[in-house]
1. Which listed residue (S294, G329, A274) has the Cα farthest towards the positive end of the charge dipole for region 258-333, taking +1 on Lys and Arg C-beta and -1 on Asp and Glu C-beta about the Cα centre?
2. Rg(Cα) of region 258-333 divided by 2.2 N^0.38 Å?
3. Show that you can apply the helix-only estimate: for the chain, add -39,500 (n - 2.57) for every DSSP H stretch of four or more residues, divide by all residues, and state [θ] at 222 nm to the nearest 500.
4. Considering the chain as a Gaussian network with a 10 Å cut-off on Cα pairs, which listed residue, S115, S292, S102, attains the greatest mean-square fluctuation?
5. Using alpha-carbon pairs under 8 Å, 6+ residues apart, how would you state the relative contact order of the chain in percent?
6. Mind sorting R262, R78 by how few other Cβ atoms lie within 10 Å of their own Cβ, fewest first?
7. Let me check against my output: what whole-number percent is the relative contact order of region 1-128, with C-alpha pairs under 8 Å and at least 6 apart?
8. Just to check I understand the Karplus step: with θ = phi - 60° and J = 6.51 cos²θ - 1.76 cosθ + 1.60, what whole-Hz values come out for region 145-153, glycine and proline as x?
Amino acid sequence: MPVQYPAGTIEEHLRTRKHAGLFDVSHMGEIDVRGSDAVAFVNRLTSNDVTKLVDGQAQYSALTTPSGTVIDDLLVYRLSGDHLLLVVNAGTTEKDWEWIKSHHDGASVELRNASADYCQLALQGPDAESILQPLTEVPLSEIKYYHFRPGTVDGVSGIVSRTGYTGEDGFEVYAPADRAEQLWNKILDAGNTSAPTGVLPCGLAARNTLRLEAGMALYGHEIDDTTTLLEANLGWICKLDKGDFIGREALAQQKEAGIKRRLVGFEVVERGIARDEQDVLVDDEKVGRVTSGSPAPFLKKNIGMAYVPVEYASVGQPIKIDVRGKLVGAEIVKTPFYKRAK
């Protein structure tokens, strides 16, 4: 996945917000879990409640350590009661695979790292449905958010999922890896890529700015093995009442005691751009660090996310960002920064 295509990051970002963008995210990892214990096994490893899924539904979740920190965030797809597909981050696929295998513990499941078998194309934006529908017999309008259907796209068998990482409506198509080029070209052709309102191929930079505007966490930035789900405002995928799972006890204790730091969003109010890893200060004292910072092309603001002590985590709290030795004013704001109209 290139950083950007010829149109450039800003145009890719704006086209996705206003019309449609196409992302080749085939580098993501896929782990296949089959067997009579599939649901119970994945439920033990992840923080969300897998038992609540029905066939054709997906959920956002996390693999957690015994201390409640994050090994990775992932999507769990339920194809049937004995078949789940886990979609994990590219850079953590091998780590995740080894972790999952190490917790097999005699469960009646068959595990397979199927990452090389799949391509994954994400068509995102308000025009995504109208572009994709002529290429598939799957009735896209009937697919609810975080649900999916098996079917064909341009004659290629796969899965069409109403999910994404941009804050827009859209679809992710999973298909055999050797059909990626066919599907990529067909979707671009269907989206009339040469038109000012057509679909654009989008790279890694636009994927990052889009997810940041939408307030979505990125592994290795907002979440990692030093941050807990509660600190990262991901308590909504932390189902403490579902029964035991790895990290549950630590997370329950942290919830009872109260977190000491929290992930917040901020908007730069003075001239300057906050970047990842820069220091956050209150009253000239360092209190945290920027996890992600960037100009927001659609909002036309400079925004970011950071961990700060809870006493400085309220909306409206003034902070300073150390931008290459210059203290630049910012203010904590409500997230997500951008939310699409329903």
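Every number in this text was worked out from the coordinates using simple rules, so none of it is lab data. Note that the structure is predicted; figures quoted are calculated from it, not measured. Using ideal geometry, Cβ is built from the backbone for each residue, glycine included, and neighbour counts are taken over all protein chains shown.
1. Value computed over the given set: S294.
2. Values: Rg = 11.1 Å, N = 76, 2.2 N^0.38 = 11.4 Å.
In units of the globular-protein estimate, region 258-333 measures up at 0.98.
3. Helix contribution divided over all residues of the chain: -5500 deg cm²/dmol.
4. Top of the fluctuation ranking is S102.
5. Computed over the chain, the figure is 19 percent.
6. Least to most surrounded, the residues fall as R262, R78.
7. After rounding, I find 38 percent.
8. Per residue, the Karplus-derived 3J(HN,Hα) values read 4, 6, 10, 8, 9, x, x, 10, 10 Hz.
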